1. Taking residue A:40 and the conditions (1) within 16 Å of residue A:193 (Cα to Cα); (2) not in a strand (DSSP E or B), which numbered condition does it fall short on, given that it satisfies the others?
2. From the set of residues in segment A:182-206 that are part of a loop (DSSP other than H, G, I, E, B) and closer than 21 Å to residue A:14 by Cβ, which is farthest from the chain's Cα centre (by Cα)?
3. Which residue out of A:77, A:81 is farther than 22 Å from residue A:162 by Cβ and either under 27 Å from the mean Cα position of the chain (by Cα) or in the same structural domain as residue A:161 (by TED's automatic domain parsing) (or both)?
4. Being within 24 Å of residue A:242 (Cα to Cα) and within 9 Å of another protein chain (Cβ to nearest Cβ), is that true of even one residue in segment B:32-46?
5. When you scan segment A:135-149, how many residues do you find that are modelled with pLDDT under 95 and within 10 Å of chain B (Cβ to nearest Cβ)?
6. What's the total number of residues in segment B:64-77 that are over 20 Å from the mean Cα position of the chain (by Cα), surrounded by 14 or more Cβ atoms within 10 Å (Cβ to Cβ) and facing chain A (nearest Cβ under 7 Å)?
7. Quick one: in segment A:14-25, which of the residues that are in contact (Cβ under 8 Å) with a residue 24 or more places away in the chain and more than 8 Å from every other protein chain (Cβ to nearest Cβ) is farthest from residue B:7 (Cα to Cα)?
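The values are calculated or read from the model by the stated rules, or taken from the named source; none is laboratory data. What you are looking at is a predicted structure, and each value in this text was computed from that prediction instead of being measured. A quick note on method: Cβ atoms are made from the backbone with ideal geometry, for glycine too, and the neighbour counts reach across all protein chains shown.
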């Protein structure tokens, strides 16, 4: 399996462990936040002791790194709090030093942590993808409407990385004090977050404080949302982000998946017909639980389309794929 | 999951394999602790659900951004007769 659902978790609850993997040297300590059990890809909070030194080298895995606290010297450049690096696999980084020590968030995206001593890039490295930024000072906060439907006012973002193939995102986000948003969401992608500072609350999981973390696979309900004090966090998705909002707290992952497919069929009918139905126009598509779930007033499906008992052969197609018959006589449809 | 980014194939050595096995075992314990904590949160969560279902009828449901729609009482979902979980 890939990464399991780790939510909620707070790294303040566990101690740092010394990094034993070869290449990293003494003075590196980490807390594992989540780990892909197949590939070894992982996200860790990392503490470098004062005086830490690391030789130039590259990783077999793509690496994203954010400085949480302190200063890190990378080659002849010193970076501080909020500095973000996107390092492609095989891209050789210069030597690291940290005179006073620092705290980092390190995300190995495609394999376990590794450091191969080298002052040249691996021949397969996509060096053109390397970038870095002082995210606290060089990027302004923007509205959180990176997708529609979008989050409520008071949730702002700074985009740090966009994968043009998968549409995976890495971003800082913040919630203003007393932020709230009354809907339940799920996505077609995995989502990850680490709280750099502050608190946020989700109706399923409770309050997450500074150091709070989640890795959430696709289609899992989360929200409603709130933040009492406000927060700043690093967030990521592993593919395109789409907010499937609804208000059924009890829907399952399977129901959410089917609803996502039903909505895709409605939103992108030609694409859906071509890819999923191989060009056939099946009238009975995936089920949207919002049409069928039990409500206080009864299921919507049966509320809106009522058979006329006075017309024995009459029936109506009130909604896509759903219909009622006034009797039980067999007959054929022309579709 | 996959970020569909570049991965350079390489041989995982014995030390890395052992490190990974230890981390997987620890993660399993972490996961079980989370599941337990979330089960213990169930009574509080039920109250939060009830408050949410009340708020979307009075203050409104966020359809998109700050656009809110008040949900009719008859449209409020009923709890299904099956176990409920939030961690998968």
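1. Residue A:40 satisfies all of (1) within 16 Å of residue A:193 (Cα to Cα); (2) not in a strand (DSSP E or B) except (1).
2. We begin by selecting, within segment A:182-206, every residue part of a loop (DSSP other than H, G, I, E, B); these are A:182-183, A:187-190, A:199, A:203-205.
With closer than 21 Å to residue A:14 by Cβ added as a condition, the list becomes A:199, A:205.
Working: A:199: 18, A:205: 16 Å.
Only one residue tops the list, namely A:199.
3. Working: A:77 fails: either under 27 Å from the mean Cα position of the chain (by Cα) or in the same structural domain as residue A:161 (by TED's automatic domain parsing) (or both).
Of A:77, A:81, the one residue that is farther than 22 Å from residue A:162 by Cβ and either under 27 Å from the mean Cα position of the chain (by Cα) or in the same structural domain as residue A:161 (by TED's automatic domain parsing) (or both) is A:81.
4. So in segment B:32-46, the residues within 24 Å of residue A:242 (Cα to Cα) come out as none.
So far as segment B:32-46 goes, no, none of its residues is within 24 Å of residue A:242 (Cα to Cα) and within 9 Å of another protein chain (Cβ to nearest Cβ).
5. So the answer is 4.
6. Initially, segment B:64-77 is screened for residues over 20 Å from the mean Cα position of the chain (by Cα), giving B:64-76.
Still in the running and surrounded by 14 or more Cβ atoms within 10 Å (Cβ to Cβ): B:64-65, B:68, B:71, B:75-76.
Restricting the remaining residues to those that are facing chain A (nearest Cβ under 7 Å) gives B:64-65, B:71, B:75-76.
Selection size over segment B:64-77: 5.
7. Among residues in segment A:14-25 that are in contact (Cβ under 8 Å) with a residue 24 or more places away in the chain and more than 8 Å from every other protein chain (Cβ to nearest Cβ), the one farthest from residue B:7 (Cα to Cα) is A:16.
Residue by residue, here is whether (1) at pLDDT below 95; (2) touching a strand residue (DSSP E or B) at 6+ places or on another chain (Cβ under 6 Å); (3) at positive phi holds:
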{"site": "A:2", "(1), (2), (3)": "yes, no, no"}
{"site": "A:29", "(1), (2), (3)": "no, yes, no"}
{"site": "A:41", "(1), (2), (3)": "no, yes, no"}
{"site": "A:59", "(1), (2), (3)": "no, no, no"}
{"site": "A:64", "(1), (2), (3)": "no, yes, no"}
{"site": "A:73", "(1), (2), (3)": "no, yes, no"}
{"site": "A:78", "(1), (2), (3)": "no, no, no"}
{"site": "A:110", "(1), (2), (3)": "yes, no, no"}
